There are 2 protein chains.
Amino acid sequence: MKPYTPDGHIETALTEKHAKELDIIELFFFAYRDFTADPDKILEMLNFGRAHHRVLYFVNRKPGMTVAELLEVLKITKQSLARVLKQLIDTGHIVQIQGPRDRRQRELYPTHQGRELALELAAPQSRRIANALEQLDPSSRAVIENFLKAMVDPAQWQQIDSLPKSG
Amino acid sequence: MKPYTPDGHIETALTEKHAKELDIIELFFFAYRDFTADPDKILEMLNFGRAHHRVLYFVNRKPGMTVAELLEVLKITKQSLARVLKQLIDTGHIVQIQGPRDRRQRELYPTHQGRELALELAAPQSRRIANALEQLDPSSRAVIENFLKAMVDPAQWQQIDSLPKSG
DNA sequence: AGATTATGTCAGTGTTGTTGACTTAATTTT
DNA sequence: AAAATTAAGTCAACAACACTGACATAATCT
């Protein structure tokens with residue numbers, strides 16, 4: 001079955017025979033690649049990167065988030081966050097306010113400018129998703145949401161559930 | 001409606017009112033974050049990174065791929081690819097063979113060792129997907145595949161379609 | 001009072017991406 | 001056959017974003 005390869009290389013493709021769910025593995029890669037490319041174009045003009053986007057997104061989704069909470073969500077170190085956060089503060093997209101209960105904490109809030117940018121970055125991603133959903137049965141939305149949530153470690157579900165629903 | 005904030009910061013969360021599909025935007029982020037974390041642990045032990053994984057994956061999925069094809073799929077520059085590819089060749093995971101039709105081209109093939117590693121890296125991702133699917137109706141698979149493909153730029157569909165189905 | 005916690009900061013490092021310029025060998029065009 | 005183009009490789013410099021380790025400060029908890 002396997003072709004003759006004197007130097008030991010393999011000419012047969014890796015397929016579902018060898019490993020399950022390859023189609024979804026690569027669809028996930030391609031979908032995420034193009035999904036992130038849209039905001040990346042906007043960010044580039046502002047000299048921001050994907051890291052800025054993630055911070056700005058979650059601060060907008062949950063204003064008042066502390067630095068520690070943000071680190072938990074992004075799964076990065078505080079030194080990594082520091083640079084990006086400092087730039088977002090210096091450019092007037094995010095402000096820090098001393099925690100009222102615990103004054104060691106820094107609550108993070110978007111400014112109007114930060115909210116505007118978050119909306120601008122979300123727009124092409126919303127459009128891409130809405131467009132994909134339009135081509136499917138209306139019941140598909142629930143299936144996709146359930147699938148994506150099931151792809152997340154259950155220990156992390158609380159991070160998803162702590163974000164506001166549709167207020 | 002908006003709370004009084006003397007310094008102009010925003011305390012109201014960004015919700016579906018302001019932008020559509022936020023739930024799927026963030027589910028996609030969380031799902032991809034955890035999806036890539038599994039192989040990252042294995043790669044770390046070998047002093048490889050996510051870039052090595054991507055190269056190894058596609059060379060296994062389509063043995064004989066040329067360098068130019070790989071660049072198209074990964075959307076990176078040849079200088080970026082060069083370092084990672086060199087390491088995979090030096091460690092005996094991939095071999096290059098001069099193209100038979102066009103001898104300028106270098107066809108990329110996995111070695112047995114490269115195939116083994118690709119399988120090892122795919123395993124936890126397959127498991128995660130299979131586990132997520134198990135919790136859903138059997139018809140969900142098609143919905144998810146259609147959705148993910150619709151999330152990809154149509155101009156790129158040929159990249160997906162050129163990969164072997166289930167040989 | 002002492003320990004712990006939340007955050008910030010300094011210094012060094014590694015991976016992965018970028019641009020630009022140049023080389024080599026092979027193919028295609030004129 | 002000569003000239004232009006193409007596929008791939010390489011050198012150098014650089015930037016974004018992640019890491020570790022160590023230390024500082026202020027506030028809270030024990």
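Some observations on this one:
- When only alpha carbons are used to place a centre, the range B:69-96 and the range A:97-167 end up 35 Å from one another.
- Spacing of the two label points (7 Å from each Cα toward its C-beta) at A:Trp157 and B:Glu145, in nm: 2.8
- Placing a label point 7 Å from Cα along the Cα-to-Cβ direction at B:Lys86 gives distances to the equivalent points in the other copies of 3.3 nm, listed shortest first.
- Among B:Ser162, B:Ser140, the sequence by solvent-accessible area, most first, with a 1.4 Å probe is B:Ser162, B:Ser140.
- For the range A:20-67 versus the range B:7-42, the inter-centroid distance based on Cα atoms is 8 Å.
- Simple spin-label estimate for B:Asn47 and A:Ala130 in nanometres, 7 Å along Cα-Cβ: 5.0
- Copy-to-copy label separations for A:Leu46, where each label sits 7 Å from Cα toward Cβ, in nm and ascending: 3.8
- Interface between chains A and B: roughly 7800 Å² of accessible area buried, both sides summed (probe 1.4 Å, protein heavy atoms only).
- The range A:22-130, accessible area per residue, ligands and nucleic acids excluded (1.4 Å, Å²): 46
- Tilt relative to chain B, helix B:140-151 - C-alpha long axis, 0 to 90 degrees, to 10: 90
- Note on the range B:22-150: Cα-Cα pairs beyond 17 Å make up 64% of the total pair count.
- Taking A:Val84, A:Val59, A:Val143 as the candidate residues, the one with maximal mean-square fluctuation in a Gaussian network model of chain A, Cα springs under 10 Å, is A:Val143.
- Using alpha-carbon coordinates, inclination of helix B:112-134 to the longest axis of chain B, degrees: 30
- Within the accessible area of the protein assembly as shown (1.4 Å probe), percent carbon and sulfur: 53
- Modelled FRET efficiency - R0 22 Å, A:Ile89 with B:His18, Cβ distances, 0.05 increments: 0.50
- Selected from B:Arg61, B:Arg115, B:Arg83 as most flexible by GNM, with chain B as the system and alpha-carbon contacts under 10 Å: B:Arg83
- Mean-square fluctuations from a GNM of chain B, with a 10 angstrom spring cutoff on Cα atoms, peak among B:Ala150, B:Ala132, B:Ala19 at B:Ala19.
- Degrees, to the nearest 10: A:78-90 long Cα axis against longest axis of chain A: 60
- Comment: the Cα-to-Cβ extended label point of A:Val67, at 7 Å, lies 4.5 nm from its counterparts in the other copies, nearest first.
- Inverting the pair-averaged 1/r between distinct Cα atoms of the protein assembly as shown gives 21.7 Å as its Kirkwood hydrodynamic radius.
- Taking every DSSP helix (H) stretch of at least 4 residues in the protein assembly as shown, weighting each as -39,500 (n - 2.57) and dividing the sum by the residue count yields a mean residue ellipticity at 222 nm of -18500 deg cm²/dmol.
- A 1.4 Å probe, protein heavy atoms only, puts the accessible area of B:His112 near 100 Å².
- Straightening the chain between B:Gln96 and B:Asp40 buys 17.6 nm, computed as 0.36 nm per residue apart minus the Cα-Cα spacing.
The values are calculated or read from the model by the stated rules, or taken from the named source; none is laboratory data. Every value quoted in this text rests on a predicted model; they were computed, and no experiment measured them. When we count neighbours, we look across all protein chains shown, and the Cβ atoms used for this are built from the backbone with ideal geometry, even at glycine. Only protein heavy atoms, including side chains, enter the accessible area calculation; ligands, DNA and RNA are left aside. Shrake-Rupley method; radii C 1.70, N 1.55, O 1.52, S 1.80 Å.
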